[in-house]
Amino acid sequence: MAVVKNICVEAIERHCSSGETGRLDIRNGIHEARVFTTSMFLVHAELSGLEGVPALFRILDFGDVETIWNPGITTEKQTLNLPMEAASVLYAEYLQERANLAPSESEHLDQAFGTPEFTGAIDSVLKYYTLTLECTEPELLPGGFTFTDVNKNSYVIGSDDECDIIIRHPSVDPLHCGVIIEKGSIYVWDLGAQNGLRLNGETVAEGAVKVGDTLTIGGVHVRFRFHLRRPNINRPKTVPLPVFPTPVAGPPPKEIPKGAITYDKVSRQLKNSGKAKPFLTKLASLFGSKDHK
């Protein structure tokens, strides 16, 4: 396989648009990155511990690069679900946001992700990027939910007052699903909800949510978006949310004991649902060791 010198964006676009499945290895000086494509979609990007959209943004910043195309190679970890056109829209928004940064902020951002030793830990990712959860029925989650705590990587979504993200709808259980953010990737778990969890229309017990995916919590449709994180940035208009049918109520959610959400409370709900075994280990990580001694 020949090593080709070219512009990074053009290289990724060429292979993505070809419809081929494979991995594009990218080198820019000391930096090494990989982008996976299949069926004209970008499905995964990784760079120095970063994954998904944050990694893709940094890779597209490279400019002149060396690339090696490896046809037929797939990835088990899918952090993206974007055609090149949609990825280009996100990248254009990112560039517009960067243009509004003060020179010192832009330099600091470059330094933060400028070494191959960068680990992509949650505090590093959320220090420079804003991750937002948006709902297709805005009144159910007014203004969306922005993940602002750089020291917190686990969340619970449900209708209970003690949830991290509260969505009040008849189809949403008090404790409906758990979310973990790791290295720029988003993982979700069904917490034994009556009306379940669907990813792009398919029922899932757990899965990785990719930017571009639609997550359905009960009957409510949501999606995640990344932006650069700066208070002085004037946000560009976002791409309109897709139109979905009005959420369906479905069976009434199960009742849970009142009080603060803990590992024990969620594990009790799972034990009663018959879905406990695959998730109790995950929940231990989700809620932290202090909650399940």
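For Asp149 and Ala102, the difference between the fully extended length at 0.36 nm per residue and the C-alpha to C-alpha distance is 14.6 nm. Taking Lys and Arg as +1 and Asp and Glu as -1, the other residues whose beta-carbon sits under 9 Å from that of Arg34 total -2. Straight-line reach from Lys152: which aspartates and glutamates fall under 17 Å, measuring Cα to Cα and dropping same-chain residues less than 8 apart? Filter leaves Asp123, Glu162, Asp164, Glu182, Asp291. Close amide-amide hydrogen proximity is noted between Cys177 and Ile157, Leu191, each under 5 Å apart and 5 or more residues distant or on a separate chain (H modeled in the peptide plane; Pro and chain starts excluded). Charge tally around Ala45: other residues with Cβ under 11 Å, Lys/Arg +1 each, Asp/Glu -1 each, net +3.
Residue-wise HN-Hα couplings along the range 132-139, as the Karplus relation 6.51 cos²θ - 1.76 cosθ + 1.60 with θ = phi - 60° gives them from phi, are 10, 9, 10, 10, 5, 10, x, 5 Hz; Gly and Pro carry x.
Remark on the range 130-201: Rg and Dmax equal 11.9, 33 Å (Cα only). For the range 39-62, the residues whose backbone nitrogen is under 15 Å from a point 7 Å from the Cα of Glu85, taken along Cα to Cβ, are 40-42.
Computing FRET efficiency as 1/(1 + (r/R0)^6) for Glu139 and Leu95, where r is the C-beta to C-beta distance and R0 is 30 Å, gives about 0.40.
Values quoted throughout were computed directly from the atomic coordinates according to the rules given, and no laboratory measurement underlies them. Remember, predicted model here, so these are calculated numbers, not experimental data. Don't worry about glycine lacking a Cβ; one is built from the backbone with ideal geometry, like all the others, and counts go over all protein chains shown.
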